[in-house]
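Shown next, in structure tokens, is the structure this report addresses.
The values are calculated or read from the model by the stated rules, or taken from the named source; none is laboratory data. What you see is a predicted model; the values in this text were computed from it and never measured. Every residue, glycine as well, gets a Cβ built from its backbone with ideal geometry; the counts of neighbours run over all protein chains shown. Only protein heavy atoms, including side chains, enter the accessible area calculation; ligands, DNA and RNA are left aside. Shrake-Rupley method; radii C 1.70, N 1.55, O 1.52, S 1.80 Å.
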Amino acid sequence: MTRGRLSSFFAAALLCAAYLPRALAGPYLPGSDGAILAEVPAGTRHADVSARRLARDRLDVAIPLAQFYIQQSRLRGDLRYLGYADAVLTPWAKQSPPVPDVLVLQATLQQSRHEFSASLATLDRVLTARPHDPQALLIRATVLRVLGRYAEAGAACDQFAALVEPRLGALCVQSLRGLNGHLESAYASLMQVSSQGWLNSEKSWLYSELGEMAVRLGLDADAQRWYQRDLDLVPTDFYVRAAYADLLLRQRRPGEALSLLQGHESFEPLLLRIAIAQRQLLDPRLAESSSRLRDAFAAETQRGEAVHRREQARFLLEVENQPKLSLAAAIENWAVQREPDDVLVLVNAAKAAGNPAAAEPALDFVRTQGLRDVRLNAAATASMAAR
């Protein structure tokens, strides 16, 4: 799902308050409708000024408000909130000299929109002004990881590790090692980490990484345990909920997948898994889910966005049974991001479309990086047999 990759790895850049400045420690979520965002001049009435208008002149309003909008986009699966955040940040981002805290949030926003080159350029501006910014380094590592640029991501992780507590540095470093030929040792290393005394956000990052590694190792029972532990801590971790649902769907457990996803129909990546489960169950509600997904993908296309291209490729293949269209979407997706799931989607679409050679660039990437994933091995073997 990525909204790039809305994993705990990326969320940790906003949520690990243990080592970040307070202004950047995490998306600001008011405790109640009466919570105060900022003090306003005496005599000001709500009818006179909105929070967004205040944010034009008050940095102490702009930063938490933008964080709030970004978090709302993730929680609701509504990309319009990213537009609201952009409107808040843009005037501040244009200032000279730049405000690093604003640029970090702008890079976060750009990553969420899959504007990866722009995000990296913005992070360069941050690191020029503030070379030892741990949050900027972690976001940089995350973006480079999504792009499959593991050596550069590893370098960013090394820099990050030098600035933060050892356990957090190890998480960043080992998560990258697990993608470039060292999966077993990276998994074993993180298994030995004690999470006692960690923040829930830090535990969530650890459990999600362990779950992903277990999946790639073929340890499905372990993966299920890690995913469940994560969701017990952070029920709103939709990336992990989607990954958990994928595990259940691969095991032909669609009923359990539907139970896991119940109440999350408004979030497109989770609605996709609901539709796949409904198709496996011959559930009559599939027609409604499919219609909603078609409308959502059409709206993204109309807006010129490609945030859910991977999900669209899966929808076309696993729900609509249109392998050629699925392959086209998977190829477009591969041009933007290169995570293990992106390889898997492309290989499956190419095989179903009768054009397994179309996945060869992705398989070359797997071989070059030393990426190990039992799902990819099975899919690639099936693809070769189809030639």
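Once fully extended, how much extra length lies between Asn321 and Glu184, figured as 0.36 nm per residue of separation less the alpha-carbon to alpha-carbon distance?
45.7 nm
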Report ³J(HN,Hα) in whole Hz for each residue of the stretch 290-306, in order, from the Karplus equation J = 6.51 cos²θ - 1.76 cosθ + 1.60 where θ = phi - 60°; Gly and Pro get x.
5, 4, 5, 5, 4, 4, 5, 5, 5, 5, 4, 4, 5, 7, x, 9, 9
A correct Stokes-Einstein calculation for the stretch 258-327, using the alpha-carbon Kirkwood radius, 10 °C and 1.306 mPa s, returns a whole-number D in µm² s⁻¹ of 131
Residue separation between Arg294 and Glu265 times 0.36 nm, minus their alpha-carbon distance, gives in nm 9.1 nm
Relative to the first principal axis of the alpha-carbon coordinates of the chain, what is the inclination of helix 134-146, with its axis defined by its Cα atoms, in degrees from 0 to 90 and to the nearest 10?
20
Using alpha carbon centroids, what distance separates the stretch 249-287 and the stretch 74-136, in Å?
34
How large is the accessible surface per residue of the stretch 63-132, computed with a 1.4 Å probe and reported in Å² as a whole number?
39
Relative contact order, percent, the stretch 140-267 [alpha-carbon distance under 8 Å, six or more residues apart]
13
Kindly provide log₁₀ I(q)/I(0) values, in the same order as q = 0.14 Å⁻¹, from the Debye equation applied to equal alpha-carbon scatterers of the chain.
-1.28
Which value, in debye to the nearest 20, gives the size of the charge dipole of the chain about its Cα centre, when Lys and Arg are +1 and Asp and Glu are -1 at the Cβ?
360
Using a Förster radius of 30 Å, what is the FRET efficiency between Asp364 and Glu332 based on their Cβ-Cβ separation? Nearest 0.05, please.
0.95
The stretch 246-387 - convex hull of the alpha-carbon atoms, volume per residue in Å³
107
What's the carbon and sulfur percent of the chain's accessible surface, probe 1.4 angstrom, rounded to a whole number?
52
Can you work out ³J(HN,Hα) from phi for every residue in the stretch 172-185, in order, using Karplus 6.51 cos²θ - 1.76 cosθ + 1.60 and θ = phi - 60°, giving whole Hz and x for Gly and Pro?
5, 5, 5, 5, 6, 4, x, 10, 10, x, 10, 4, 4, 5
Before I look further, what does the stretch 284-333 give for accessible area per residue, probe 1.4 Å, in whole square angstrom?
51
Would you mind listing how long the stretch 133-184 runs along its three principal axes, going by Cα atoms, in whole Å with the largest first?
27, 22, 12
